[in-house]
1. Based on the Cα atoms of segment 15-95, what semi-axes does the equivalent ellipsoid have, where each is the square root of 5 times one gyration tensor eigenvalue, given in whole Å with the largest first?
2. Is the C-alpha gyration tensor of segment 1-139 telling us rounded, prolate or oblate? Criteria: a/c under 1.5 is rounded; beyond that, a/b larger than b/c is prolate, otherwise oblate.
3. Could you quote the convex hull projected area for segment 302-424, Cα atoms only and averaged over all directions, in nm²?
4. Looking at segment 230-282, which GluC sites (Glu not before Pro) are DSSP coil and have at most 16 other C-beta atoms within 10 Å of their C-beta?
5. For helix 421-432, report the angle its Cα long axis makes with the longest principal axis of the Cα atoms of the chain; keep it between 0 and 90° and round to the nearest 10°.
6. Just add up the charged neighbours of G381: K/R +1, D/E -1, any other residue whose Cβ is under 12 Å from the Cβ of G381.
7. Residues of segment 149-169 with the amide nitrogen closer than 20 Å to a label point 7 Å from the Cα of N181, along Cα-to-Cβ, please.
8. Using the Kirkwood radius built from alpha carbon pairs, what does the Stokes-Einstein equation give as D for segment 478-542 at 10 °C and 1.306 mPa s, in µm² per second?
Amino acid sequence: MKYGYFDNEKREYVITNPRTPAPWVNYLGSPEYGSIISNNAGGYSFVRSGAVGRVLRYHFNADDTPGRYIYLHDDASGEYGCLTRFPDKCRHGTGYTIMTKELFGLHADISFYVPLNSQHEVWHVRLTNPDLRCRSISLIGFAEFTNHPNYEQDGVNLQYSQFITKTEFRRNRVCRIVHPNIKSSPDAANHLDADAFLGLSGAAVSSWCGDRQLFLGPWNGYDSPESVASGNLPNVANCGGNSCGALCTKFTLSPGETKDFSFLLGQKSDSEAASLLKEYDESRNPEAELAALRQVWHTKLSRLTVNTPDENFNQMINTWNPLNCFMTFIWSRAASFFYCGLRNGYGYRDTVQDIGGIIHLDTQAAEERLTFMLSAQAANGGGLPLVKYTHTPGHEDTPDDESYRQSTGHPAWRADDALWLFPTVNRYISESGNISYLSKIIPFADRGEATVYDHLSRAIEFSLAHPGSHSLPAGLWADWNDCLRLGEKGESSFVAMQLLLAINFMVTFAGTMGKTEDIVYYQQQANLLSQKIEDLLFENDRYIRGYTESGEIIGSASNPEASCWLNPQSWAVISGLASGDRANLILQTVYDNLNTPFGAALMMPPFKDYAFPGALSVGYNPGMKENSGIFCQTQGWLILAEALCGNGDRAWEYYLENCPSAYNDRAELRQMEPYVYGQFTENTISMHPGRSHVHWLTGTASTIMSAAVEGILGLRPDFEGLLLQPAIPSDWEHFEMRKYFRGSWLNISVENPKHVCSGFCKMEVNSEWYPSAYIPANKLTPETEITLWIS
Ligand code: GLC
């Protein structure tokens, strides 16, 4: 079943049937102020943190309420309804959402957005009377404030939070005030004493309400609140109950007349709220603000656009996958309909991977976050598993300290964290050409400082300094798979392959820095490690997943459960370990043992009766999450591995199996937004095969983005230039890309007259023939015209 369509020109997804299988949401705002809004206006807003800066309430895992509700009441007939619940159309765009609805003969357009560089949101309503009679109307806006910006306090500690808050009405706004008697609360730094407001610009307030129960009435619910039914709000504030902001304005609309109103919402002091409302009354123009927002996003997204024979691919690559990457980059795992705001920092591995998804679109933002993450690497080379929001380089404790373990809940070092830096640093320098970044001095989290190059060499030393029983890198607390505890001395093939890739990158970095001794050292390390992996981890047609501390083999074909794992096969190729026949052999093992119509499972068969003590995924139902679920991030590595081997048809098959927009016409299957990636999809062995979970904030976004860009499209920048090596479905005869690269625009056409998947036939750059598909950076011109024939 289909609930909407992609409007690619506007970069919008348009929902035409509001009864979607799950709330389909959009993100508005910036790190300073965020809003999540569903197609039925459900969702919440927060200042900086979903945990302690919560402005609006949301009932997680329930009925997609409450939200940003705008009601109309026909004062002549007494009819009423909600414009933002079950709208006729909901357009989710780049940083804004627009709803339209016809209600008793009136037409409403409502835009929700957070203006650029702002800490408030706007609900701009444009109401038109297409009728031949004059209408007398009440327009009512409603927001359910938290009683306390700490959402746990607000939701659970009711004997406290109900009694610290009150609301007040002031001319054009309802304000929520926390701790009204405490002028300078000790909690100020945590926003605990912040005031919030809902205000109205463009018309006079005729009645208002600050008390949720009085607004709704005991039994009416959000669709038909008691006070909306009466056409008048009770003019009563909250004290000792639950807050809300509700404002009503009354007016007439002549035939053909249109009127504009703006509700403003935010967390501001009263004087700030008053002056903001004044600005909207006098000069600020919502249409211009919306246009500016669009312009910024569309400019960013235009840095890579594709035109291929496949519309699913085009709309994902041009708009939705990068937007997904940006939202994950901005919000980490802090706030969605699944992450309720409890995370108290940035996960190291997640964040370093998230950077990888946006480097080609916003190199500057990527560099800033990368530098930040390098400053969260400890002097021993390990990454802090959780980087606190209050991170202060040079002064942090680490998993070696009881204080860190207590404050973060992370009991030990993990094996993989700092190893994620290598592909991300490489991608950043390759995209930007900023080779001097390797010499940039950055502090360590706990003590001292070093160049980026030395940070990276310490990351390798960290792995080498923590060997397991077979002298492969130890599994430590966990590797990428949070549910796999191989034990302090256990060994993970995934980490071994990550380390190999890291060492290979180090050879390149050392070459760039002219460190000849290091080149030799890292080459030796790479050879040693490759040999160890070959001797200890390869078995017939697959790489095993590793060894437990007690020496048990995980991921051998002879294991009764979990006998075939995806990541060691894809990473054997990505790390450069396996190529040619070996690569094709292990990738075929994946296809035969793990593939489903929805993607390849993380491993099979699921743990059930034979889980070893560290196999925490046995706690999940078979076919879900890390217990044989289709863990969507891993599809990216698989697509990349197939593409690196030139297997374009296979890469494409995996891409489509997991592609959100490919499910648009059967959205009931996947349930999640058809424009967004999620954490995992249920395997065919599950009760609901194909159903997908944990939307938006996921490593899937960046990993699939990289797989599509570097793998399928074959855009592979390195320090000196750009290699073009697409691996495409053989039925693509021609496609185009436009890419911004180091100050130049590349207009690339790829021709495939003989219908192959990959290869090189000839290439023309600015009317000059090239012997290979590599373009040195110094050959780029402001508009570089490139045609590559792969057959
Ligand atoms: C979740 C975690 C991520 C982990 C993955 C696999 O997505 O956020 O850190 O790598 O699960 O366990």
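Quick note: the coordinates plus some simple rules give every number you see, no bench work behind them. The model shown is predicted, which means the values in this text are computed figures rather than measured ones. With ideal geometry, Cβ positions are generated from the backbone for all residues, glycine too; neighbour counts draw on all protein chains shown.
1. Numbers: eigenvalues 122, 47, 30 Å².
Its equivalent ellipsoid spans semi-axes of 25, 15, 12 Å.
2. Verdict is prolate for segment 1-139.
3. 8.8 nm²
4. Numbers: sites: E257, E272, E279, E282; in loops: E257.
When the GluC sites (Glu not before Pro) of segment 230-282 are filtered for loop state and at most 16 Cβ neighbours within 10 Å, E257 remain.
5. The two axes meet at around 80 degrees.
6. -3
7. Backbone N within reach: 149, 158-168.
8. 120 µm²/s
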